[in-house]
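Input: a single structure, listed below in structure tokens.
Derivation of every value follows stated rules applied to the coordinates shown; laboratory data play no part. Small disclaimer: the values here were computed from a predicted structure and weren't measured. Methodologically, a virtual Cβ is constructed for each residue, glycine included, from the backbone with ideal geometry; neighbour enumeration extends over all protein chains shown.
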Amino acid sequence: MAFSMLQLFLLGALGPRLVGELGVSPAVLGWTTTVGFGTAAVLSPLGGRLVDRIGPRRSLVLLLSVSAAALALIGAAPGPGFLLAAVGLGGLPQALANPATNKAILAAVPPGRRGPVTGMKQSGVQLGAFAAGLPLTALAGGVGWRGAVWTAAATAALAAVWALRALPADPQAAPAGPRASLVPRGAIAWLAVFSLFLGCGIASVNTYVALFGAQRLGMGPTSAGALVAVLGVAGIAGRVGWSKAARPGRAEWLPGGLAAGAVGAAVLLVAAPSAGPLVWVAAVAVGVFAVAANAVSMVLVMQRGAPGRAGQESALVAAGFFTGFAVGPLLFGPLANAGRYGTGWLLVAAEFGAACAVGVTWAVRERRRGH
């Protein structure tokens, strides 16, 4: 999970260096997230079917291998066009990550432990945020941003070798069954829409918070990148804690509540230019509330999903999340280009507010239906 989205966090944490050294504009920085997650959103439904057919081990080896290749190409990018193409390749690992890991949990973990294990699994994404925001950003200060990205690529390649040698073999590939619908329905549809709005807000924060710190709060590139690390650490704690609390009967209310907390985090970002330390509090709050809400939605997929379709239904919810990741920075980028970060953070608050409305409405409907 850490490697599946590492490129996103690296590009956000290294944003001040990329703007200064590679000549990308703030808007193009947003386009990197849009291209990567747009690709992931398109591939996610097909990726879910692939995982259901070939099994989690083969899928994870493929995920790590492609991650290594994408990171290596990002490190070699001579300009914005090549950079965007490399980021597009990195959309495939993102499409495979949730279906493969959720299917592995359903196969190997007893039902009573799936919530906490899912939280630990989802926290791997935030481990990637920490790695990008602290050690890799610090490494970039010594060997340059390309050296830091190539170090990440080599680590992903080693992880692929480990997965091939250490993970249990997959069962024989199942024959192709009837083609499942690629349109989410019922609880999966609600979670997909919730994830879309949630992804819009999270992606904007991930992509622009370091640049905001450097351009508006006077932070150096390394300390600005550390904001992403703080968000990552808080996200680990939030995902583990809230996923453990997501028991049937209670879990349905968590998405709306966590999204409400995320609205408060965005408001803190609006206020940060007047009180600089608030940006650190905001980064923690985004991790504890917004980032954690995505992990809770995956717990709900496993609680509510149809038997035998864990990969496909995880992928449909992930597709909503990735679509939000593609759209959010696209909307925020022009505001960052114009220096209107306050308006951008208000937009993020509105996106989190929409996620809250969807989550609360769904929970009320579920209560009325007796779930």
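Observations on the model:
- Largest GNM mean-square fluctuation across 118, 343, 222, computed for the chain with C-alpha springs under 10 Å, falls on 343.
- Fluctuation leader among 264, 324, 119 - the chain, Gaussian network, Cα springs under 10 angstrom: 264
- Taking all Cα pairs closer than 8 Å and separated by 6 or more residues, the relative contact order of the chain comes to 30 percent.
- The chain: calculated mean residue ellipticity at 222 nm from DSSP helix runs of at least 4, using -39500 (n - 2.57): -26500 deg cm²/dmol
- Hydrophobic long helices, here whole DSSP H runs in the chain with Kyte-Doolittle means of at least 0.5 and Cα atoms spread over 24 Å or more along the helix axis, are found at 26-54, 56-76, 137-166, 186-216, 221-245, 254-271, 310-337.
- Simple spin-label estimate for residue 113 and residue 53 in nanometres, 7 Å along Cα-Cβ: 3.2 nm
- Residues 44, 123, sorted so that the one with the fewest Cβ neighbours within 10 Å comes first: 123, 44
- Protection proxy ranking for 293-304, 61-72, 327-338, using the average of other Cβ atoms within 10 Å per residue and placing the highest first: 293-304, 61-72, 327-338.
- For the chain, Kirkwood radius (reciprocal of mean inverse C-alpha pair distance, Å): 20.0 Å
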